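The values are calculated or read from the model by the stated rules, or taken from the named source; none is laboratory data. If you're wondering where the values come from, they're calculated on a predicted model, not measured in any experiment. Virtual Cβ from ideal backbone geometry, glycine too; neighbours counted across all protein chains shown. Protein only, heavy atoms only, side chains kept; ligands, DNA and RNA dropped before computing areas. Shrake-Rupley method; radii C 1.70, N 1.55, O 1.52, S 1.80 Å.
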2 protein chains.
Amino acid sequence: MSGASNSLEAFLAQSRERIDKCLDQVLPSADEAPVSLHEGMRYAVFSGGKRLRPAMAFAGALAVGGDPEDALPAAAAVELVHTYSLVHDDLPAMDDDDERRGRPTVHVRWDEATAILVGSALFAEAFARLASERIPPVVVERLARAAGSRGLLGGQADDLAFEPGSADLAVITGIHARKTAALFEFSAWSGARLGGLEGPELERIASYGHHYGLGFQLVDDLLDADSEECSVLSVLDAETTRQRVREEVERALAALQSLGVGAWALRGLAEHLTERLP
Amino acid sequence: MSGASNSLEAFLAQSRERIDKCLDQVLPSADEAPVSLHEGMRYAVFSGGKRLRPAMAFAGALAVGGDPEDALPAAAAVELVHTYSLVHDDLPAMDDDDERRGRPTVHVRWDEATAILVGSALFAEAFARLASERIPPVVVERLARAAGSRGLLGGQADDLAFEPGSADLAVITGIHARKTAALFEFSAWSGARLGGLEGPELERIASYGHHYGLGFQLVDDLLDADSEECSVLSVLDAETTRQRVREEVERALAALQSLGVGAWALRGLAEHLTERLP
């Protein structure tokens, strides 16, 4: 158990190193963009994030016998989309957060206009990075849908309109599925796709990412019990929520049933969720 | 001349009809997205715009012997990106405009959060629409670059930091090249590319779009002489600016030199610019 957990830690550290190197190359240099965008994009991207979505993409490639390196464009793109969504989420008109990971948010460090432009520029960069002859167009399309009005942005819109008193579990889960799980679903799916997998098995790996994402959000709700955002704790108690995390992890693991030992990193990521449970 | 001008008008009307039908199908239905996004996206997209960028994409396909219909995904994508940029541009933190085309802007009609999400959702939709097996990845990549920190968003960032007293013509032209011309360049280029053209001639058509875009922005500066935005009128008088418009039109037309009669719509669009001159 301790050995497996050490391997996962080594895998996560290696993934962080790989993705950080790639993102450093992808982001515009000081010569290529206005200084506010150049600095703001780097500030937002290099802020100590855990890089779980890229790690999941690499793990997805590994799970189907592919080279994690093949998943790099998708890993970079999903991290750029995730970071853009955080920059815009923090804006005064949205969640109005002054700090993220112990540092001033982009609109505090610069201003609102810069934060809006920096977020959008990260979004654009994700597609600039992903569009290439070596990437099947369906991967680009799937990211655009995961990020768009039917995915992440739709979840954010419903989250902003969320009223704790009137929501039920199905509504909250529907928001979490788009706001949080959609990018994890893309991560696992695209990693496996770029690792060489096609056919129905691919959707089972997407299902793994979906259930992981739902579990991840439940853990977040438990860790941030005072949040005013759309939280499952407005309708469930903590013990029931912990039980639901374990169920989502089981569903995620069940979706990997037909995969061999190569899926160890995907399995490790899911099991790691229960270890984060408060 | 009157006959040619009538043909261009008919072409523009036909282009509007074609793109509006496509955009209507592309935008999320009430079942697919939160009501604020569903309504806000349609409100922003169907607001009486001239659809010049889609028309240029169709004209680009026509110019190389292709079917305008082949350029439809690029035409839709560039109009979605253009509309997203207007929605975000109007925000209080940006240009703070309450009205556009005689109607309340999205953040006035709804709120700032909705306007931010609506804009981003239009941006995502552009890539969802463009990514397909029938579209070469280079088209997707070029739109992402035209819209990103090296293009449109970079131009907007420099525009916001613009100080009329300290700027020279080169700085202003550099901003216009990215803020305005980059999307026209993409329109002409992608239309010709999807119409079947490859090789060096393609970059000459991009150059047409670039010079058209610079001319277009100069005409806008002349029509909106009181604007506080980055305007060439802060360094040039009106007559010199009119002369520069004619020069940009000449450069745009010169870039089409090797093309035959099929390029009539591209030529007509450029000539139409001088007719708009106040």
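For the range A:93-179, applying the loop criterion from DSSP together with a ceiling of 16 other beta carbons within 10 Å to the trypsin sites (Lys or Arg not before Pro) yields A:101, A:134.
Convex hull volume of the C-alpha atoms in the range B:63-134, normalised per residue: 105 Å³. Each copy carries a label point for residue A:97 at 7 Å from Cα toward Cβ; from one copy, the others' points are 3.2 nm away, ordered from shortest.
Heavy atoms of the protein chains alone define the surface here; on that basis the range A:2-276 has 38 Å² accessible area per residue at 1.4 Å probe size.
Report summary: the helix-based calculation at 222 nm, which adds -39500 (n - 2.57) for every DSSP H run with n ≥ 4 and divides by the residues of chain B, gives -21500 deg cm²/dmol.
Of the whole protein surface, residue B:70 contributes about 80 Å² of accessible area at a 1.4 Å probe radius. For the range A:130-154, accessible area lost to neighbouring protein chains reaches 50 Å² or more, against the chain alone with a 1.4 Å probe, at A:131, A:137, A:149, A:150, A:153. On the basis of the beta-carbon distance and an R0 of 30 Å, residue B:24 and residue B:275 show a calculated FRET efficiency of 0.50.
Semi-axes of the equivalent ellipsoid of the range B:2-276 are 27, 25, 17 Å, computed as sqrt(5λ) over the eigenvalues of the C-alpha gyration tensor in descending order.
Take the cross-link list A:50/A:179; A:21/B:179; B:21/B:50; A:179/B:50 and give me the ones stretching past 26 Å between alpha-carbons. Result: A:21/B:179; A:179/B:50 exceed 26 Å. Accessible surface buried by the A/B pair amounts to about 3400 Å², both sides summed, 1.4 Å probe. Here the Gaussian network model covers chain B, with springs between Cα atoms less than 10 Å apart; of B:238, B:144, B:182, B:238 fluctuates the most.
Solvent-accessible area of the protein assembly as shown (1.4 angstrom probe, protein heavy atoms only): carbon and sulfur portion equals 48 percent.
Calculate the length of the line joining the C-alpha centroid of the range A:38-73 to that of the range B:181-253, in whole Å. About 39 Å separates the Cα centre of the range A:38-73 from the one of the range B:181-253.
Across identical copies of the chain, residue B:196 has label-point separations of 3.9 nm, listed in ascending order, with the point defined 7 angstrom from Cα along Cα→Cβ. Mean-square fluctuations from a GNM of chain A, with a 10 angstrom spring cutoff on Cα atoms, peak among A:132, A:187, A:234 at A:132. Using DSSP loop states and a limit of at most 14 other Cβ atoms within 10 Å to flag GluC sites (Glu not before Pro), what is the longest stretch of chain B containing no flagged site? My reading of the result: B:33-132 is the longest stretch.
According to the Cα-based calculation, Rg over Rh for the protein assembly as shown is 0.99, with Rh computed by the Kirkwood formula. For the range A:87-108, accessible area lost to neighbouring protein chains reaches 40 Å² or more, against the chain alone with a 1.4 Å probe, at A:93, A:94.
With the convex hull constructed from alpha-carbon coordinates only, the range A:131-278 shows a mean projected area of 9.1 nm² over all directions.
Net charge dipole, the range A:117-257: roughly 680 debye, given to the nearest 20, about the Cα centre with Cβ charges of +1 for Lys and Arg and -1 for Asp and Glu.
Each Cα pair under 8 Å and six or more residues apart adds its separation to the average, and for chain A the resulting relative contact order is 22 percent. Simple point charges give the picture: +1 on the Cβ of Lys and Arg, -1 on the Cβ of Asp and Glu, and for chain A a dipole about the Cα centre of about 920 debye. What helices does chain B hold that run 20 Å or longer along their axis, going by alpha-carbon atoms, with a Kyte-Doolittle average of -1.0 or more, using DSSP H for the helix calls? Those that pass (Cα extent of 20 Å or more, hydropathy at least -1.0) are B:2-26, B:72-89, B:112-130, B:201-223.
Sorted on the mean count of surrounding Cβ atoms within 10 Å across their residues, most packed first, peptides A:49-57, A:158-166 read A:49-57, A:158-166. In nanometers and ordered shortest first, the copy-to-copy spacing of the residue A:21 label point, defined 7 Å from Cα toward Cβ, is 5.2.
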